[in-house]
Amino acid sequence: MTEPSDRTVEPVEPQAPPASPAAPPPMPWPRAALYMLTSFLLSLTQGLGMNLAAANLPQLQGPLGATSNEVTWLIAAYMAPNVSLSLILVKVRAQFGLRNFAELSILLFVLVMLLHIFVLDLQSAFVVRFFSGIAAAPISTLAFLYMLEPLPPAKKLSIGQPLVLTNIALGAPLARLISPDLLALGDWHGLYLFEIALAMMAFAAVYLLPLTPPPRAKVIHWLDVVSYLFIAVGFGLIAMVFTLGRAYWWFEAPWLGVMLAIGIASLTCAIMIELNRETPFLDVRWLASKEILHLAGTLLVFRLLMSEQTAGAFAFFQILGLQNEQTTTLSLVVIAASMAAGLSYIVLFKPGRESAFQMVALGLLLVGALMDSNATSLTRPEQMYVSQALIAAAGVLFLPPAMAAGLMLALQRGPTFILNFIVVFLTTQSLGGVIGSALVGTFITWRTRFHLQAIADNLTVVDPMVSQRIAQLAGAYGRVITDRSLLNAEGIALLGQQVTREATVLAYNDAFLAIALCAACALAAMILHLAIRAIRESISPEPQPAASA
């Protein structure tokens, strides 16, 4: 199954210091703690909203009366509006005021969460999930703003953003951790009772703890709305194609190709509009510059590699028949590793160490994926505690320096370029997560068929060992099936199930190994890039400013 990105966030520009020479007094620590706690609450609310359904798709089939393919539409319905809505919300926040934005956003989110109570079938679930994707778009922004509010300007990027990214990273493992108990409360409705409670708490916190409102400005032009509509259609359809592609298979559902063509055409229309505007909604030329393409490529590659955890390890245990109850400790390990990595980043980070943290993250991901590539059908979660802890830590260590670097590139061109960086970040994280899960899942399906054919070619009924194995498997039904031919057929069917399971395990090993190789290539490319840059700087150092007389 394709899962959405469990780290879908919207970067928030660091708040500029006030124009007055006197700095504002620091916020009392009890009140500052309340703001940071509100940020944590908002982060968990957003993370659970995205991942509760994705982590429990098999368990939702029965209550909603859906097939495995149909239930995948729940993810597609959520991601379609969610992947692009944050773009226009940046300007909405600037024009209509931060407080209005915060209060209306959390109110809309609470109302949509309450709609989950009235879901009775798959069709109503689609509608509610679509509006959930809309309502959840501003929540990660609010999580950032509440974390940055009590911090001094010097600490916003070094402490605030890593903490929020760490909190948002906890959404996926926490969803798997609490799902069994929530499902026991009442299937679909049980999943969202806890989230409704979180949303209500966040609603109260947002109204009781107002954010400092920046000055308003009229920044929305009617062409901005037109461009955004084209971008929303393009991003939404592309996200749906990659969410549903593996379920319905890429070349067997013609409507997937139609959706992809319409999505690409919509993005092309948006680009053509923006290229011919004096004050564009998006600066396409800046987005196509060498620095931004390099940053986007780095973020996209890492987001694809991080699919090892969501579409890889946890999906691997689902294939082996393990449910969320059996992976509880593994989820706790992932949560603990994420928190430890986030705190380590805050303690160790200094300006100039961005590339070092990214290389460490790629190294951890490489080692973790390589360890997982030796899995067997007898592998259980305890054998992957170390490897999954390394991968979880890698995800938390990589994003903060990458986001800081992107924000600095945008701020060098002016505050209006923040929106352009948000496009880069959202595209690589939201769409990148969906595309990564789709690619990993497709690769696993392809390699499963390959291994299945290879194993089947070496199995013949005339082989004494194969005949003995069929007899052993059929023996379990010897007391209830007396017909020899039916008993033999049952043994062959059971052998076929074992062969399919082993072929699937080998396919997952291939996927883990491929991710490890990609991580090694990305690490080598980063080292080579830094070496070339260091050589260029040593050959032609930047001129130093002349000393005044």
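Quick check on packing: order 368-374, 274-280, 257-263 by the mean number of other C-beta atoms within 10 Å, highest mean leading.
Those peptides, ordered most packed to least, come out 368-374, 257-263, 274-280.
How high is the FRET efficiency from Leu517 to Glu70, r the C-beta distance, R0 51 Å, rounded to 0.05? Working shown, then result.
Numbers: r = 35 Å, r/R0 = 0.69.
Once rounded, the FRET efficiency stands at 0.90.
If I take every Cα pair under 8 Å that is 6 or more residues apart in segment 282-539, average their sequence separation and divide by the length, what percent do I get for the relative contact order? Intermediate values should be presented prior to the final figure.
On the way: 255 pairs, mean separation 81.1, N = 258.
Dividing the mean separation by the residue count of segment 282-539 yields 31 percent.
Going 7 Å from the Cα of Asp121 along its beta-carbon direction, which residues of segment 148-190 have the amide nitrogen within less than 19 Å of the resulting point?
Zone members listed by number: 188-189.
Principal axes first, then extents: for the Cα atoms of segment 222-280, list largest minus smallest coordinate on each axis, whole Å, largest first.
Projected onto its principal axes, the Cα set of segment 222-280 covers 43, 13, 11 Å.
Evaluate E = 1/(1 + (r/R0)^6) for Leu275 and His529, where r is the Cβ-Cβ distance and R0 equals 22 Å; express this FRET efficiency to the nearest 0.05. Please report the intermediate quantities before stating the final value.
Working: r = 29 Å, r/R0 = 1.34.
So, using R0 = 22 Å, E works out to roughly 0.15.
At 222 nm, what helix-only mean residue ellipticity would the chain give, in deg cm²/dmol to the nearest 500, using -39500 (n - 2.57) for each DSSP H run of four or more? List each step's numbers first, then the result.
Numbers: 19 runs with 398 residues, N = 549.
My calculation for the chain gives -25000 deg cm²/dmol from helical runs alone.
Taking neighbour Cβ counts within 10 Å as the exposure measure, how do Phe314, Phe251 sort from fewest upward? Please list the in-between numbers first.
On the way: Phe314 24, Phe251 9.
Taking fewest neighbouring Cβ atoms as first place, the list is Phe251, Phe314.
Straight-line reach only, C-alpha to C-alpha below 20 angstrom: list the lysines that Lys156 could link to, leaving out same-chain residues fewer than 8 apart.
Answer for Lys156, where 20 Å is the Cα cut-off: Lys350, listed by chain and number.
Note down the nm distance, to one decimal, between modelled labels 7 Å out along Cα→Cβ at Thr445 and at Met27.
The modelled label-to-label distance comes out at 4.7 nm.
Which value, in debye to the nearest 20, gives the size of the charge dipole of the chain about its Cα centre, when Lys and Arg are +1 and Asp and Glu are -1 at the Cβ? Working shown, then result.
Values: 28 positive and 30 negative charges, 204 e Å.
I would put it at about 980 debye.
Between helix 290-305 and the chain, what is the angle of the helix's C-alpha long axis to the longest principal axis, kept within 0 to 90° and rounded to the nearest 10?
Taking the Cα atoms of the chain, the angle to 290-305 is about 30 degrees.
Helix 385-413 versus the longest principal axis of the chain: what angle, 0 to 90°, nearest 10, using Cα atoms?
30 degrees
Charges only on Cβ, +1 for Lys and Arg, -1 for Asp and Glu: so what's the dipole of segment 194-307 about the Cα centre, in debye to the nearest 20? Intermediate values should be presented prior to the final figure.
Details: 7 positive and 7 negative charges, 27 e Å.
In debye, rounded to 20, segment 194-307 gives about 120.
Could you sort 337-343, 347-353, 304-310 so that the peptide with the highest average Cβ count within 10 Å comes first and the rest follow in order? Walk me through the intermediate numbers first.
Working: 337-343: 20.6, 347-353: 11.0, 304-310: 26.0.
Packing proxy ranking, top to bottom: 304-310, 337-343, 347-353.
Mean separation of Cα pairs under 8 Å and 6+ residues apart, divided by the residue count of the chain: what relative contact order is that in percent? Present the calculation step by step, with values, prior to reporting the outcome.
Numbers: 743 pairs, mean separation 112.6, N = 549.
Rounded, it is 21 percent for the chain.
Could you order peptides 126-135, 80-89, 214-223 by the average number of other Cβ atoms within 10 Å of their residues, highest first?
On the way: 126-135: 20.4, 80-89: 23.2, 214-223: 11.7.
Listed from highest to lowest mean packing, they are 80-89, 126-135, 214-223.
Choose one of Ile134, Ile262, Ala32: the residue whose Cα lies farthest towards the positive end of the charge dipole of the chain (beta-carbon charges +1 Lys, Arg; -1 Asp, Glu; about the Cα centre).
Selected residue: Ala32.
Roughly how many debye, to the nearest 20, is the charge dipole of segment 246-300 about its Cα centre, given +1 on each Lys and Arg Cβ, -1 on each Asp and Glu Cβ, and no other charges?
On the way: 4 positive and 5 negative charges, 18 e Å.
Charge dipole of segment 246-300: 80 debye, to the nearest 20.
Could you give the C-alpha radius of gyration of the chain expressed as a fraction of 2.2 N^0.38 Å, taking N as the number of residues it contains?
Working: Rg = 25.3 Å, N = 549, 2.2 N^0.38 = 24.2 Å.
Compactness ratio reported: 1.05.
Neighbour counts of other C-beta atoms within 10 Å: give me Val499, Val112, Val440 arranged from fewest to most.
On the way: Val499 15, Val112 20, Val440 25.
Starting with the residue having the fewest Cβ neighbours, the order is Val499, Val112, Val440.
For segment 222-280, calculate the relative contact order in percent as a whole number, restricting contacts to Cα pairs under 8 Å that are 6 or more residues apart.
Numbers: 39 pairs, mean separation 30.0, N = 59.
So the answer I get is 51 percent.
For helix 29-51, report the angle its Cα long axis makes with the longest principal axis of the Cα atoms of the chain; keep it between 0 and 90° and round to the nearest 10°.
40 degrees
FYI, it's all coordinate maths here, none of it is from the lab. In this text the structure is predicted, and so the values were computed from the model without any measurement. Backbone-built Cβ (ideal geometry, glycine too); neighbour counts: all protein chains shown.
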